[in-house]
Amino acid sequence: MLADTSSRPLSDAAFEKAQKVIPGGVNSPARAFGAVGGTPVHMASGEGPWLTDVDGNRYVDFVGSWGPHILGHRHPAVMEAIADALTRSTSFGAPTPAETDLAELVVEAVPSVEQVRMTNSGTEAGMSAVRLARGATGRDKVVKFAGNYHGHVDSLLVSAGSGALTLGHPSSPGVPAGCTQDTVVLDYNNPQQLEAAFKKYPDQIAGVFLEPVCGNMGVVTPTEEFLNALRDLCTRHGALLAFDEVMCGFRVAYGGAQARFGVTPDLTMLGKVIGGGMPVGAYGGPAEVMKHVSPVGSVYQAGTLSGNPVAMACGVATLKALRDGDVYERLEALAARLEAGLTDAIEAAGVEACVQRVGSMLTLFFTAGPVENLMDAQKSDVERFAKYFHGMLDRGVYLPCSQYEAMFVSAAHTEELIDATVAAAKEVLGTLA
Ligand SMILES: *Cc1c(COP(=O)(O)O)cnc(C)c1O
């Protein structure tokens, strides 16, 4: 089922060429293989759970474009909706019914969302949500958690892993200290630190931003105590609780993490799955919060291509397929099978590692675990991860190229493919002990 995919001369040549005209040869650093070494694979096509590279090698895909392809590549209903939209135009710069269709699907699905504004990326959704939280509360400070990623938003691009209650230092040149001086970085799964922050900055915190299932330091699950304490503290101190569901929205449940855990935020950011592979982000919440957004309110936010009709058609078809199918049971069963198989493989190989999973998101950490925050995640043996990654890549399994990422199962995967992946992992882990 899986073949030797280790020969990739055309991919190597394509990367050489790309590096001359694109910084690092990539349009997003996460694709660059920086953490694992080697040359990024240039892809030619995808079909269901499969990717084919420019050399004609075929891989089973556990990246899914970093989350959007929950239905696999080229789902027939999605392809049909895109083709139909293309018969009208690629963009109007005026309202179209498809925007309301996608907004209605989001509002019906996501418990806390009554109104939603479309953007072109998760980053834009995050940036706009920060502005809205500040505009709606008249406060400046925002809280984020170490190891959580909210896009490359200046004010949230803060050195992860900073000690509790230290104000943020920018983690990229080009972000002035002024942009992050109002950002407070705390440890995930530690509600006592948030309580202390509200004491230290009374009536100053506009919003508390988090990934309610964390995927961007590898998969880390929030404790029930943590989520409940966050909700309670935000309510008591008049701050907005903002769930960044760009990755986990429509992924860990149709209504996202908030539906799965029964905790209701004041603001929600979406992306990835809602675009079905097209550039779409969104932020939403109760009408009482969203009324502050321009043109109704005075918090300005805009986009020439926001709500693009082709992207909306793709998103609408994706969400309808998720709503009307038995997709989430299938994802749960397949991902549980993968988790069990990988856990067995780890044990058989005698390697120090653990698997953490929520729904169809999972990470194999090369540390004993459990991983509850960034400090735990950073105990991972990333050199071992790099060897594991390349071993799997050469055996036809395409994984995220960093220890600190989630792998995704799609509804197009099959039990046979999961078992073949586990067999490959057994082989590779056996060489790492
Ligand atoms: C991917 C991601 C983002 C950023 O989305 P982009 O579309 O890449 O800008 C923000 N937050 C989370 C949780 C993400 O996983």
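Normalised by residue count, segment 76-324 yields a Cα convex hull volume of 119 Å³ per residue.
Could you tell me which of the pairs LYS17/LYS379; LYS144/LYS199; LYS144/LYS387; LYS17/LYS426; LYS379/LYS426; LYS144/LYS379 are separated by over 28 angstrom between their Cα atoms in the structure shown?
Beyond 28 Å: LYS17/LYS379; LYS144/LYS387; LYS17/LYS426.
Separation of segment 238-266 from segment 350-364 is 22 Å, based on Cα centroids.
Multiplying each eigenvalue of the alpha-carbon gyration tensor of the chain by 5 and taking the square root yields semi-axes of 33, 27, 20 Å, largest first, rounded to whole angstroms. Heavy-atom surface analysis with a 1.4 Å probe gives the chain a carbon and sulfur content of 52 percent of its accessible area. Between GLU104 and PHE92, the contour length at 0.36 nm per residue exceeds the Cα-Cα span by 2.3 nm.
The H on the amide N of ALA44, modeled in the peptide plane, is under 5 Å from the matching H of THR52, ASP53, VAL54, each at least 5 residues off or on a different chain. Going by the alpha-carbon gyration tensor, a ≥ b ≥ c the square roots of its eigenvalues, is segment 93-239 rounded (a/c under 1.5) or, if a/c is not under 1.5, prolate (a/b greater than b/c) versus oblate? Judged from the Cα gyration tensor, segment 93-239 comes out prolate (a/c at least 1.5, a/b above b/c). Surface analysis of the chain yields an accessible area of 40 Å² per residue, using protein heavy atoms and a 1.4 Å probe. Its DSSP H runs of at least 4 residues, each contributing -39,500 (n - 2.57), put the calculated 222 nm mean residue ellipticity of the chain at -11500 deg cm²/dmol, to the nearest 500. In this structure the amide hydrogen of LEU186, modeled in the peptide plane, comes within under 5 Å of the amide hydrogens of LYS144, PHE145, ALA146, none closer than 5 places in sequence on its chain. Coupling constants for segment 71-79 follow from the phi torsions by the Karplus curve (6.51 cos²θ - 1.76 cosθ + 1.60, θ = phi - 60°), and in residue order they are 9, x, 7, 6, 4, x, 5, 6, 4 Hz; glycine and proline get x. Here is the list for segment 245-334: chymotrypsin sites (Phe, Trp or Tyr not before Pro) lying in DSSP coil, each with at most 14 other C-beta atoms within 10 angstrom of its C-beta, are TYR300. Residues considered: ALA353, ALA335, ALA125. Largest GNM mean-square fluctuation over the chain, using C-alpha springs under 10 Å, is found at ALA353.
Inter-part distance, segment 290-345 to segment 26-85, computed on C-alpha centroids, equals 17 Å.
Considering only SER360, SER171, SER89, the Gaussian network model of the chain with Cα springs below 10 Å gives its largest mean-square fluctuation to SER89. For TYR300 and ALA77, a Förster radius of 35 Å and the Cβ-Cβ distance give a FRET efficiency of 0.45, rounded to the nearest 0.05. Couplings for segment 35-48, taken from phi via the Karplus curve 6.51 cos²θ - 1.76 cosθ + 1.60 with θ = phi - 60°, read 7, 10, x, x, 10, x, 7, 8, 9, 10, 7, x, 8, x Hz in order; Gly and Pro are left as x.
A Cα-only calculation for segment 27-127 places Rg and Dmax at 17.3, 47 Å.
For the chain, DSSP calls about 60 percent of its internal beta bridges antiparallel. Shown in residue order for segment 49-59 are the 3J(HN,Hα) couplings computed by the Karplus curve 6.51 cos²θ - 1.76 cosθ + 1.60 at θ = phi - 60°: x, 9, 10, 10, 8, 5, 8, x, 6, 10, 10 Hz (x for Gly and Pro).
Once the Cβ-Cβ distance of GLU383 and GLU347 is raised to the sixth power relative to R0 = 25 Å, the FRET efficiency obtained is 0.75. Cα-based radius of gyration for segment 175-256, normalised by 2.2 N^0.38 Å, reads 1.15. Summarising the amide proton neighbourhood of ASP244: residues at separation of 5 or more, or on other chains, whose placed amide H is nearer than 5 Å comprise LEU210, GLU211, MET269.
The values are calculated or read from the model by the stated rules, or taken from the named source; none is laboratory data. Quantities reported herein were computed from a predicted structural model and do not represent experimental measurements. Neighbour counts are summed over all protein chains in view; Cβ atoms, including those assigned to glycine, are modelled from backbone coordinates with ideal geometry. The accessibility values were calculated without ligands, DNA or RNA, using every heavy atom of the protein model including side chains. Shrake-Rupley method; radii C 1.70, N 1.55, O 1.52, S 1.80 Å.
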